[in-house]
Every structure is written in structure tokens, then in C-alpha cells.
Amino acid sequence: MIRKILVANRGEIAIRVMRSCYEMGIRSVAVYSEADRLSRHVLFANEAECIGGVASSDSYLNIDHIIAAAKKHNVDAIHPGYGFLSENAEFARRCEAEGFIFIGPRPETMETMGDKISARIKMIEAGVPVVPGTQKQLNSGEEAVEVCRQIGFPVMIKASQGGGGKGMRLVEREEDVVEMYNAAKSEAMAGFGDDTVYIEKFVEEPHHIEFQILGDKHGNIIHLYDRECSVQRRHQKVVEESPSPFIGQELREEMGSKAVAAAKAVGYVGAGTIEFLVDKHHKFYFLEMNTRLQVEHPITEEVIGIDLVKEQIRIADNQPLSRKQEEIKQRGHAIECRICAEDTEHNFMPSPGVIQQLTEPHGIGTRIDSYVYEGYEIPVHYDPMIGKLIVWATTREYAIERMRRVLYEYKITGLTTNIRYLRRIIDVPDFKNGNYNTYFIERNQERLRPRPGFKNDSEPMAVIAAYIDYLMGLEENTPNPPTDGSAISRWRAFGLQKGVLRV
Ligand code: MV4
């Protein structure tokens, strides 16, 4: 029986996990660094323990400190959230050795999937399509040239311990191979302490589509369908949606069964994600497996109608999966936007600060997984993500409309966020049409820049609408904004009467 869980994480995901604990009648224990004394997750838990200084290595990444807190609070299990120690096999082993249930897969699974070469070997054995390439590590620049010639350019040199884009090089010409090989190797050594690299054919114009899977300790494995995650910037996801607008039902079912085969090949236990690259001809390839709960898990929860954290806890508690594959159906459409304290006009620099006014959106089909409040200072030491907006609607079109409404309803002052950038993303025609791949942000940079002032706008109604939006704090810049209250109410009334005021 799991009666008490320590959540070895911070911010929105710590709260997300605790919410499921509350619903299951399980007590929760927060851990926090000295920078996080006032973080919402600390106040949200039943019990809390400071585990060290601001540096992650002294707190959220410090295994000894977390184990000590788990002993002191006499917990039954530890949930790692995402990031930090969530994919650390040593941490999972230590939890079990100290008598705590680690809410996640077995440590051997994390090691097999954490090593991209061994993951590729497993997938090939299981009949899961992988990107053409090698399963052996490269031992010299000459060998790299040889292998590249066999595979054919363009190729990617990747770190075996990599993932998320680190230690990865695109090579288009034979004369660049040795240089790129050395660069990938030293980046891998610096990033992972292991300079093993291998080579894959470069998949052009790829989509990043991933499948959620669940496995219990009785050998049952199911998939919970797909998430389209191609709206990325420098390997950071920005907007995710489910189902993917790119794949049809037949391909979706085929990818789902390959995702289950992939998880079965490693005897997967817990919640995990199989990432695929899908090319423009709808050919799909296993990319990597994430052996944790992911940031974007809520869109699957909304479309499938399942609480993934509850399932994780049930699995850890030796219970069988609550549903069979035939009972899993996608219903409607969900979109998630990641809200970050960053300045999109200055190279997406983190821009932490004190939140002055905050009005979070509510209403039909709206979910917000967040952890901030008025007066809270976003610490500079951790991820700048302050929360996630998730909408659900019956169709993709309605979900986009709803996301637009929700993004306009979200009001935050005191710091710079990416909310306006997100509003522009969902208005890009290629996004609206579902016609996008991993190059979306790069190729729509012009459209994603803030609109210039409305001075030159010759359409009177648009000018008026822009003024109204501006005055209500809904849009960015407009010239010479009137400052007296009477002007505001006149514009507003006019806007409502003409139907140009949408929210
Ligand atoms: C690739 C690829 C094309 N071909 N591998 C990027 C992150 C890392 N997890 C793997 N990545 C890629 N691997 C081959 N053989 C293109 C990417 C890639 C990418 C993948 C998913 C989402 C966004 C991306 C952006 C640039 C490159």
C-alpha cells in the first residue's frame, strides 16, 4: 500500500503529482531548495523538507539529500517528475535499495533506452523501424568517413548518451565528416562524460510524433495514442497537440502497435513515451524513448480521459492497468502551450522577475497546470517555464479557437513572457491548416515577429479593433494611446457594437 509519496521535483509538475495524490488519499511530501521556500509546491504538499542550496546539484539532483528527506518523512514511494533525476538509473536503484518504491521504470530499462546504440539494437530485434544507420560505435574519423559513404549524405552524427539535440551534428559533405565527428565527440564528452557516437541517415522534413505508453508489473502494455510535437525551437517544445493533424487513422494504429512492441522489447513498467520521426512520405522511424512522465502529458490525459499520474502510482503499487487497449479511444482534440518567463524579442532570454498582477484563464475546456501566484518571484536558477495552458474541444478547429481565447484571457504583469508569441503561433496559416513539421518556427520567423505599429494600417475597423485590444491589455503596441477613462469606455462600446471585440 502506498500511503505517502515524496515528490522529488519542483514547480508545476510537483503540484501536478500532488493533485493526484490528494485524489487517491495519499499524503504528499514536497522537497525544496533554499531558492524555493516560497514556491507554491511547498505550500501545496502535506509535508515539506528543505534539501539544500539553490544549486540543483545541492538539492533536486542530490540523491543523498532526497533519500534523507524520504527517511525522515517515512514515505513509501518517490515520484521523480520530469527532468532532474527522473531518468537517472542510479537514483532509481538507490530508492529501491533504501526500501522506497521508485515511481518509474526499472533502472535497467532506463539504461538500455538511455543508451541510443543499445536502444536501436533492441528496436531492430523487436521489428520496430529505426532510422537507417549503424548500431556500432565509431572509433576513428576514417571509420566515420567510411560509414557515411555507405549510408549516403546527408547524415547525422549523434552521441549515444545524447538526446534532445546535444552532441548531434548534421553532415552534408564528405569533407566535413572528420571535423563534425570530432566536434560531436567532444560535445558528448563534455555533456555526458561519454564520447561514444554513431551515425544515422538524416531524415528530411521530419515530424516529431510521439506515443504515450503504459506498462504494468503483470506484463500488460498499452499505448494511449499520439502527440504532435513538431512546434519546437532549439529542441524545446513550444506547442503540442493531440491527435497529430499529420497522420491518418491507419498509420496511427500501425505506429501505436510498433510503440507497444518497442515497450515490450524492454519489459517496460510505468508511463513512457516512444518518439518517432515521420518523414514527408509518412514513413516513420523510432527516434528515442523517454522513460518518464513528460511535460506534455496533459494533452493525452484530455483526449484519452485518463489520469497518467494515478496510473503511474497504481502500477508502482502492483495493480494492473485500469484499461485494456480496446477501451482506449481518442476523443476530441487537445492543445498545450508552454508559458515561459522569457523575452521572445531578445533571443528568448530567460526573464525572471516578480509577478505583479496575474489573471489565469478559466472556463469550458480550459486546464492550467501552473505554480505561480501574485507576488511570487520566478527564481533565476531553474527552468523558466511557469506553467502550461491546455485546452480541449471536440474538434481541432474549436480547440484552436479556444486556445486563442485562453491566451487572450491570460494576463500577467511584472515580467516578460512568451504569451504574445504563442498567440502569433496559433494564428500562422500553416499551423491553422495543420501543415507543419519540425521546421515550422524557423520557416515562419517573419510571421512570428510582433506586428509593427498600426500607424500604417489603412483599414479603419482594424485600427479601432487594435485600439480596443490595446486598451484592454489584449494586444501589444499602438501609437498614442488615449489615456482618459472615458475614451476607453467609448472605444469599448464601439467595438462591442461593431462586433470587432471578440473577448
Ligand atoms: C534526427 C533528425 C533527422 N534525422 N535524426 C533532434 C533532437 C534529437 N532527439 C534528435 N533530433 C533529430 N534527429 C535523424 N536521423 C532531426 C532531428 C531534429 C528534430 C527532431 C525532433 C524535433 C525537432 C527537431 C529539430 C531539429 C532536428
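Values computed for the structure shown
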| item | result |
| --- | --- |
| Filter result for the condition that a residue is within 16 Å of His333 (Cβ to Cβ) and surrounded by fewer than 17 Cβ atoms within 10 Å (Cβ to Cβ), over Glu409, Glu397 | Glu397 |
| Hits in the stretch 58-90 - residues which are within 30 Å of Ile124 (Cβ to Cβ) and without any contact (Cβ under 8 Å) to a residue 40 or more places away in the chain | Asn88, Ala89, Glu90 |
| Close pairs (6 angstrom Cβ cut-off, 6 or more residues apart or separate chains): closer than 22 Å to Ile400 by Cβ in the stretch 360-388, of a type outside the set (Val, Ile, Thr) and part of a loop (DSSP other than H, G, I, E, B) anywhere | Pro361/Tyr410; Ile368/Glu360 |
| Set Glu205, Glu210: member being within 13 Å of the ligand (Cβ to nearest atom), under 30 Å from Ile304 (Cα atoms) and out of contact with any strand residue (DSSP E or B) (no Cβ under 7 Å at 6 or more places or on another chain) | Glu205 |
| Test: residue in the stretch 272-288 that is part of a helix (DSSP H, G or I) and either on the phi < 0 side of the Ramachandran plot or touching a residue at least 40 places away in the same chain (Cβ under 8 Å) (or both) | no |
| Test result for Gly375, in contact with a helix residue (DSSP H, G or I) (Cβ under 8 Å, 6 or more places away or on another chain) and loosely packed, with under 13 Cβ neighbours inside 10 Å | no |
| Flag if Ile390 is β-branched (Val, Ile, Thr), at pLDDT 95 or above and within 30 Å of His41 (Cα to Cα) | yes |
| Residue within the stretch 79-96 that is out of contact with any His (no Cβ under 8 Å at 6 or more places or on another chain), more than 21 Å from Ala259 (Cα to Cα), within 16 Å of the ligand (Cβ to nearest atom) and modelled with pLDDT of 95 or more present | yes |
| Per-region count, the stretch 106-157, residues surrounded by 15 or more Cβ atoms within 10 Å (Cβ to Cβ), away from the ligand (no atom under 13 Å from the Cβ) and assigned to a helix (DSSP H, G or I) | 15 |
| Residue satisfying condition, being assigned to a loop (DSSP other than H, G, I, E, B), in the same structural domain as Arg423 (by TED's automatic domain parsing) and not basic (Lys, Arg), within set Val380, Val391 | Val380 |
| Every pair of residues 6+ apart whose Cβ atoms lie under 7 Å, when the first sits in the stretch 324-340 and is touching a residue at least 24 places away in the same chain (Cβ under 8 Å) and part of a strand (DSSP E or B) while the second is surrounded by 17 or more Cβ atoms within 10 Å (Cβ to Cβ) and of a type in the set (S, T, N, Q) | Ala334/Ser242; Ile339/Thr417; Ile339/Asn418; Cys340/Thr417; Cys340/Asn418 |
| Residue within the stretch 301-316 that is closer than 22 Å to Ser230 by Cα, assigned by TED's automatic domain parsing to the domain that holds Arg252, buried (at least 20 other Cβ atoms within 10 Å of the Cβ) and touching an Asp or Glu at 6+ places or on another chain (Cβ under 7 Å) present | yes |
| Hey, Ile274 within 21 Å of the chain's Cα centre (by Cα), surrounded by fewer than 23 Cβ atoms within 10 Å (Cβ to Cβ) and not polar (S, T, N, Q) or not | no |
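To keep it simple, each residue is scored yes or no on (1) over 24 Å from Gly387 (Cα atoms); (2) in contact with a Phe, Trp or Tyr (Cβ under 9 Å, 6 or more places away or on another chain); (3) away from the ligand (no atom under 16 Å from the Cβ).
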position	(1), (2), (3)
Tyr268	yes, no, yes
Gly272	no, no, no
Val278	yes, yes, no
Lys283	yes, no, no
Glu302	no, yes, yes
Asp307	no, no, yes
Arg314	yes, no, yes
Asn318	yes, no, yes
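The values are calculated or read from the model by the stated rules, or taken from the named source; none is laboratory data. Source: prediction; values computed, not measured. Note that each Cβ is placed from the backbone with ideal geometry, even for glycine, and that neighbours are counted across all protein chains shown.
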